[in-house]
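Below is one structure; the comments refer to it alone.
The values are calculated or read from the model by the stated rules, or taken from the named source; none is laboratory data. The structure presented is a predicted model; accordingly, all values stated were derived computationally and were not measured. Cβ atoms come from the backbone with ideal geometry, glycine included; neighbour counts cover every protein chain shown. Note: areas computed on protein heavy atoms with side chains; ligands, DNA, RNA excluded. Shrake-Rupley method; radii C 1.70, N 1.55, O 1.52, S 1.80 Å.
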Amino acid sequence: MGNITLKTVNKSFGATQVIPGIDLTINEGEFVVFVGPSGCGKSTLLRLIAGLEDTTSGTIEIDGRDVTGAAPAKRGLAMVFQSYALYPHMTVRNNIAFPLKMAKLEQGAINKKVTEAARVLNLTDYLERRPGQLSGGQRQRVAIGRAIVREPSAFLFDEPLSNLDAALRGTMRLEISELHQQLKTTMIYVTHDQVEAMTMADKIVVLNAGRIEQVGSPLELYNKPDNLFVAGFIGSPRMNFVSGQAANSFNSSTMGIRPEHIRLSREDGTWKGLVGVAEHLGSDTFLHVTVNGVGTLTVRASGDFPVNHGDTVFLTPDAARIHRFNENGQAIRGA
Ligand SMILES: Nc1ncnc2c1ncn2[C@@H]1O[C@H](COP(=O)(O)OP(=O)(O)O)[C@@H](O)[C@H]1O
Ligand SMILES: [Mg+2]
């Protein structure tokens, strides 16, 4: 249950093609994240899977069944909307029970499912409250509860955490990951935040202008980005890119090196540079170092590395961690 296959799925709004033809397989039990910049088509793709939008061409299969023309309710999927989609006048219990009441399930079965969902989501003590009496995180869990009781073959999330503050986002990220480990149900999660993608996904689908740039596990994308887009999108701080003559000496059109793969020294190294801004995070310090003929590079130093604005430092990219790209922005693999 929860295998989803897209075959050359294409979507246009009027004359505007938003999804030019996507092939993708999502396996049972996977946590798949669609990530990409705003406007790249993530929500559209999710809504096509949910059946909230019609495909222009191509087919969508769920567990081997062609659902391309099927109504959302016939697909066995549950979309988790943001917490503000809760009914404010209903208790948590009735909010969670709502889809079951609509489906005319008998009360005993409804109670059983609501009790179980509340247990999984740590909402048992809050069932008689109204959404207004809950924290943002609890409200988000109620929204998830409403999806859980339907026992879908897959959960679809569209940026569910984007309205929460940073601390709560971190907590909810963990909670959703733990929920996935408990339920082992397929989850498709849309976000523009590569940190969410990296921390939650089994499989990341990087989208750019309606196209898939790369599909892979978080570490595959981090270690072996196929192209400049993925290299620049995955990883924080962003990968440094060096082009021109400095890149030629690395046999590439563009050479990439992540801030954490540059050795920093007071004495010697490949590049001599001047420290501009130093961002002290405590655990790490991010230095912005300007190197003549190369550009300004971000370097990750340990938090206790003594450094000040205006210092001269030497940088050496770790030869094993260099990324090389050709003139089309595609990764050059091998020696
Ligand atoms: N109903 C619609 N009519 C016309 N254009 C749309 C519609 N929905 C989305 N789009 C366009 O499709 C593109 C992708 O949108 P969307 O899937 O919402 O992106 P994302 O979720 O990645 O931010 C955008 O350019 C958007 O303006
Ligand atoms: Mg969106």
Determine, yes or no, whether SER177 is open to solvent by 10 Å² or more (accessible area, probe 1.4 Å), closer than 24 Å to SER38 by Cα and within 16 Å of ligand 2 (Cβ to nearest atom). no
Residue check for SER83: surrounded by 17 or more Cβ atoms within 10 Å (Cβ to Cβ), polar (S, T, N, Q) and either touching a residue at least 12 places away in the same chain (Cβ under 8 Å) or under 20 Å from PHE157 (Cα atoms) (or both): yes
Here is a list of conditions, (1) touching a helix residue (DSSP H, G or I) at 6+ places or on another chain (Cβ under 7 Å); (2) of a type outside the set (Gly, Ala, Ser); (3) within 27 Å of ALA231 (Cα to Cα), and LEU45 meets all of them except one; can you say which number that is? (1)
Answer with yes or no whether ILE60 is away from ligand 2 (no atom under 16 Å from the Cβ), buried (at least 18 other Cβ atoms within 10 Å of the Cβ) and in a strand (DSSP E or B). yes
Would you mention how many residues in the range 10-49 are within 16 Å of ligand 2 (Cβ to nearest atom) and crowded, with 16+ Cβ neighbours inside 10 Å? 19
Out of the range 194-222, which residues are crowded, with 17+ Cβ neighbours inside 10 Å and either free of Cβ contacts under 8 Å to residues at least 60 places away in the same chain or of a type in the set (Asp, Glu) (or both)? GLU196, MET198, GLU213, GLN214, GLY216, PRO218, LEU221, TYR222
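Conditions (1) within 16 Å of ligand 2 (Cβ to nearest atom); (2) more than 26 Å from the chain's Cα centre (by Cα); (3) not charged (D, E, K, R), marked per residue:
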| site | (1), (2), (3) |
| --- | --- |
| GLY51 | no, no, yes |
| ASP66 | no, yes, no |
| ALA78 | no, no, yes |
| ILE110 | no, yes, yes |
If ASP54 meets every condition in (1) farther than 26 Å from GLU213 by Cα; (2) open to solvent by 40 Å² or more (accessible area, probe 1.4 Å) apart from one, which number is that one? (1)
With the structure loaded, tell me whether LEU105 is away from ligand 1 (no atom under 16 Å from the Cβ) and within 26 Å of LEU174 (Cβ to Cβ) or whether it fails that test. no
Taking ALA246 as meeting all but one of (1) open to solvent by 70 Å² or more (accessible area, probe 1.4 Å); (2) among the aliphatic types (A, V, I, L, M); (3) closer than 20 Å to PHE314 by Cα, write down the number of the exception. (1)
When you check ALA71 against the structure, is it open to solvent by 30 Å² or more (accessible area, probe 1.4 Å), of a type in the set (Gly, Ala, Ser) and within 16 Å of ligand 2 (Cβ to nearest atom), yes or no? no
Could you please give the count of residues in the range 136-162 that are more than 22 Å from ALA50 (Cα to Cα) and either open to solvent by less than 60 Å² (accessible area, probe 1.4 Å) or modelled with pLDDT under 90 (or both)? 3
Determine which single condition GLY276 fails, assuming it passes every other condition in (1) closer than 21 Å to THR312 by Cβ; (2) open to solvent by 30 Å² or more (accessible area, probe 1.4 Å). (2)
Quick test for you: out of GLY2, GLY64, GLY41, pick the one residue that is away from ligand 1 (no atom under 16 Å from the Cβ), within 18 Å of VAL190 (Cα to Cα) and in contact (Cβ under 8 Å) with a residue 24 or more places away in the chain. GLY2
